[in-house]
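Accompanying notes for the structure given below.
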Amino acid sequence: MEWEEAAQGFAAMGSEARLQVLRCLIRAGENGLTVGEVQNRTGIAPSTLAHHLKFLAAAGVVKQAREGRSTICRADYGRLEALAGFILQECCADAGLRAANDG
């Protein structure tokens, strides 16, 4: 994952409302939820919710698919795992440097 792609993903999660929506979809699992179900569970106004879902989908952390007359929203677990891996990729890589420099 490149820096720009990671930044876009993290920026999409950079608001309380979008985190609430994403967490709601994560809780729902692979089956996802309709937009109406997301609205009922989060209490976010429909027009505001549409904006947040569009932002999350553009960053690739949420997938949307039409099923009949409904739009089903799902968390993209692969993308979320990639973002987690990106941020944790170099975890503790410099941990020994401080001890070596202090000694």
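Computed from the coordinates by the stated procedures, all read-outs in this text should not be read as laboratory data. Keep in mind that this is a model prediction, so the values were computed, not measured. Cβ atoms come from the backbone with ideal geometry, glycine included; neighbour counts cover every protein chain shown.
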### Task
Report the calculated FRET efficiency for Trp3 and Arg69 (r = Cβ-Cβ distance, R0 = 30 Å), to the nearest 0.05.
0.15
### Task
Taking the Cα centre of the chain as origin, sum charge times position over the Cβ atoms of Lys and Arg (+1) and Asp and Glu (-1), and report the length of that vector in debye to the nearest 20.
640
### Query
Residue farthest toward the positive end of the dipole of the chain, with Cβ of Lys/Arg at +1 and Asp/Glu at -1: which of Leu88, Thr42, Gln20?
Thr42
### Query
For Cα Rg over 2.2 N^0.38 Å, the choices are (1) 1.10; (2) 1.35; (3) 1.99; which was calculated from the structure?
(2)
### Task
Starting from the Cα gyration tensor of the range 1-56, take the square roots of the eigenvalues, sort them a ≥ b ≥ c, and report rounded, prolate or oblate (rounded when a/c is under 1.5, otherwise prolate if a/b is larger than b/c, else oblate).
prolate
### Query
Taking Cα pairs under 8 Å and at least six residues apart, what relative contact order does the chain come out at, in percent?
30
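Where Lys and Arg each count +1 and Asp and Glu each count -1, what net charge lies around Tyr77 among other residues with Cβ under 14 Å from its Cβ?
+2
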#### Entry: Tail weight of P(r) past 18 Å, computed on alpha-carbon pairs of the range 44-103, percent
57
